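Structure record follows, encoded as structure tokens.
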Amino acid sequence: MKKTSMLLLAGLFAATASIAQTNIARSQPGVTYGKAINAEQAIQMTDLDQKLQSDTIYIGKVEGKVVEVCKKKGCFMKLERASGEAVMVKFTDYAFFMPQDIVGKTVVIEGTAKVNETSVERLKHFAEDAGKSKKEIAKITAPKKDIVFVADGVVVVK
């Protein structure tokens, strides 16, 4: 009985997640998600990198190309950087989600960017969880700084 209830609950959760993704508007120029914003006064991703070298927080708009979206329900996305590493974009209080078809599109996001530092211990933990070899894990010897952006709104530019 308990197994049946758990399986039923898991199936309901999976169905809800797939339905939630179908209710998200397709990404087309001008479509907004979250707070209604426009592209005016947005800086480029390279400018964000420069601003965060001298400050630890940036509040405003940034334009960038989407390279990845959460596959489950669009609860995060990543924007391309010149360095090859992506900027993680989360959404304020998970109030909105991104459609899967937004990958490859140019967007403007508005919110707060911060530089976060992940400790060596945490990086090693993530590497273990990802199934990395002991040799690969041993190579992790320094903390890593990443940019994380919490967006209040997103608008598709092109």
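Go through the stretch 120-157 residue by residue and tally those that are at pLDDT 90 or above and not hydrophobic (A, V, I, L, M, F, W, C). Looking only at that region, the number is 10. Assess whether residue 89 counts as being closer than 22 Å to residue 28 by Cα and out of contact with any helix residue (DSSP H, G or I) (no Cβ under 9 Å at 6 or more places or on another chain). Taking the combined requirement at face value, the residue satisfies it. Taking the stretch 1-117 and the strands (runs of 3 or more DSSP E) fully enclosed by it, no element has 3 or more residues that are loosely packed, with under 10 Cβ neighbours inside 10 Å and modelled with pLDDT of 85 or more.
The values are calculated or read from the model by the stated rules, or taken from the named source; none is laboratory data. What you see is a predicted model, and the numbers here were worked out from it, not measured in a lab. Here Cβ is always computed from backbone atoms with ideal geometry, including for glycine, and neighbour counts include all displayed protein chains.
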